[in-house]
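I have placed the structure first, in the form of structure tokens, so that the comments after it can refer back to it.
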């Protein structure tokens with residue numbers, strides 16, 4: 001299993017163009033996807049469904065480093081300003097419903113992120 005996780009982390013970092021500084025986020029994403037995938041040792045059942053007893057929700061699966069938008073709190077924006085921040089999706093939080101994003105400065109090139 002460790003080799004599988006390492007291979008997925010390396011692939012995600014390489015394909016995303018992010019540096020090795022984002023290895024922890026890639027690791028959390030890889031583990032989350034593995035836990036949402038059918039497992040042969042478990043009779044092709046999904047580990048997360050076995051642990052939680054609930055059916056998996058695939059509606060929140062995102063591609064590592066895809067474009068994302070975060071809602072700006074009401075107190076932080078005015079009427080004519082955007083109500084969302086452009087971000088990059090990096091990983092799933094420890095709470096399965098939480099997604100970790102990084103805000104992009106619109107004046108900078110989003111593909112030149114450094115950790």
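Using the number of other C-beta atoms within 10 angstrom as an exposure proxy, rank 78, 83 with the fewest first.
The most exposed by this proxy come first: 78, 83.
Run the simple label-point estimate for residue 50 and residue 1 please: 7 Å along Cα→C-beta, distance reported in nm.
Result for the modelled spin labels: 0.9 nm.
For the stretch 2-109, calculate the relative contact order in percent as a whole number, restricting contacts to Cα pairs under 8 Å that are 6 or more residues apart. Numbers along the way, then the final one.
Working: 119 pairs, mean separation 21.1, N = 108.
Relative contact order of the stretch 2-109: 20 percent.
Spin-label point model (7 Å from Cα, Cβ direction): what's the residue 99 to residue 20 distance in nm?
With each label point 7 Å from Cα toward Cβ, the separation is 3.0 nm.
Calculate the translational D of the stretch 2-109 in whole µm² s⁻¹ from Stokes-Einstein, where the hydrodynamic radius comes from the Kirkwood formula applied to all Cα pairs, the temperature is 20 °C and the viscosity 1.002 mPa s. Kindly include the intermediate steps, with their values, before the conclusion.
Numbers: Rh = 15.7 Å.
For these conditions, the coefficient is 136 µm²/s.
Provide the gained length on full extension for the span residue 61 to residue 75, in nm with one decimal, where the gain is 0.36 nm per separating residue minus the Cα-Cα distance.
2.1 nm
Going by how many other beta carbons lie within 10 Å of each one, how would you line up 25, 81, 49, fewest first?
81, 49, 25
Hey, can you rank 11-17, 37-43, 86-92 by average C-beta count inside 10 Å, highest first? Intermediate results must be reported in sequence, preceding the final value.
On the way: 11-17: 15.0, 37-43: 10.0, 86-92: 20.1.
So the peptides 11-17, 37-43, 86-92, ranked by packing, come out 86-92, 11-17, 37-43.
Read-outs: derived from the displayed coordinates by stated rules, not from any lab. Note that the coordinates shown come from a computational prediction; the quantities given were computed from them, not determined experimentally. For neighbour counting, all protein chains shown are included, and Cβ atoms are generated from backbone atoms with ideal geometry for every residue, glycine included.
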